[in-house]
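Novice: Once you've had a glance at the structure underneath, I'll fire off some questions.
We did not get these values from a lab; they are worked out from the coordinates using the rules stated. All figures in this text were calculated on a predicted structure; none of them were measured in a lab. Backbone-built Cβ (ideal geometry, glycine too); neighbour counts: all protein chains shown.
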């Protein structure tokens, strides 16, 4: 019987997983577990639940038991949710509700845009930092190459003399 190839249900130390493949597998499994817990909370308690997660590669994932937009809007605007019973609304009230919905959608779009832009800016800053590090490393290597060439020329002169 061969040894186990998976970690199974072992507890792991809470630190960054260095191996990229292991990190992606763990992200996928834990994201699924998070969604399951969110679903259970919504089902058992009647809560409105929304979860937004960005993968290590930057891809967004979301779960919501209703509309993620309406949950985000409520969160950003601090609105309490009232369950509407079916009533006969007059035309003006319906018109007001439509205007409110349009304003809410616009607010969610603006907030989503702000979040996405902030995330993009962070990624750009990280990439710029990495680029600068690589440029510095390249300069160091070029200088090393020049020094080696000079030493080789000096050695060649020494041998030919």
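Novice: In whole Å, how far is the Cα centre of the range 111-156 from that of the range 50-81?
Specialist: What the calculation gives is 36 Å, centre to centre.
Novice: Further question on the same structure: Starting from the Cα of residue 44, step 7 Å along the direction of its Cβ; do the same at residue 161; then give the gap between the two resulting points in nm.
Specialist: Label-label distance for residue 44 and residue 161, simple model: 8.5 nm.
Novice: Take residue 138 and residue 52, extend 7 Å from each Cα along the Cα→Cβ direction, and tell me the distance between the two endpoints in nm.
Specialist: 3.5
Novice: Could I ask something else about it? What distance in nm lies between label points placed 7 Å from Cα along the C-beta direction at residue 74 and residue 121?
Specialist: 3.0
Novice: How do the peptides 68-75, 128-135 rank, highest first, by the average count of neighbouring beta carbon atoms within 10 Å per residue? Provide the component values of the computation, followed by the final result.
Specialist: Details: 68-75: 17.9, 128-135: 10.0.
Going from most to least packed, we get 68-75, 128-135.
Novice: In whole Å and largest first, what semi-axes does the C-alpha gyration tensor of the range 19-66 yield when each eigenvalue is scaled by 5 and square-rooted? Write out the running numbers ahead of the final one.
Specialist: On the way: eigenvalues 118, 26, 4 Å².
They are 24, 11, 5 Å, listed from largest to smallest.
Novice: On full extension of the chain, what length is gained from residue 36 through residue 18, given 0.36 nm per residue of separation minus the C-alpha to C-alpha distance?
Specialist: Working: separation 18, 0.36 × 18 = 6.48 nm, distance 2.60 nm.
Extra length from residue 36 to residue 18 when fully extended: 3.9 nm.
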